[in-house]
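*Asks:* Dumping the structure here so I can ask a few things about it.
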Amino acid sequence: MLQKEQWMQIHVLKAQGVSEREIARRLGISRNTVARYLSAEEVP
């Protein structure tokens, strides 16, 4: 369930105008993971 929660959190933060780099920093994940989750229309 962590993936779904992270996916949702990433999309919410991006909608609030937070940069991908800042999202990665806040969540403790790589920028590549953030980019991958943002490009996915469904939970990976």
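Values quoted throughout were computed directly from the atomic coordinates according to the rules given, and no laboratory measurement underlies them. None of these values were measured; they are calculated from a predicted model. FYI the Cβ positions are ideal-geometry reconstructions off the backbone, even for glycines, and counts take in every protein chain you see.
*Asks:* For segment 21-28, take each phi angle, set θ = phi - 60°, evaluate the Karplus expression 6.51 cos²θ - 1.76 cosθ + 1.60, and give the result in whole Hz per residue in order, putting x for glycine and proline.
*Replies:* For segment 21-28, the Karplus-derived couplings read 5, 5, 4, 4, 5, 4, 8, x Hz, x marking Gly and Pro.
*Asks:* With each run of n ≥ 4 DSSP H residues scored as -39500 (n - 2.57), what mean residue ellipticity at 222 nm is computed for the chain after dividing by its residue count and rounding to the nearest 500 deg cm²/dmol?
*Replies:* One gets -21000 deg cm²/dmol as the mean residue ellipticity at 222 nm.
*Asks:* Among A24, I10, V34, whose Cα projects farthest towards the positive end of the dipole of the chain, with charges put on the beta-carbon of Lys, Arg (+1) and Asp, Glu (-1)?
*Replies:* A24
*Asks:* Obtain the radius of gyration and the Kirkwood radius of the chain from its C-alpha atoms and give Rg over Rh.
*Replies:* Ratio of gyration radius to Kirkwood radius for the chain: 0.91.
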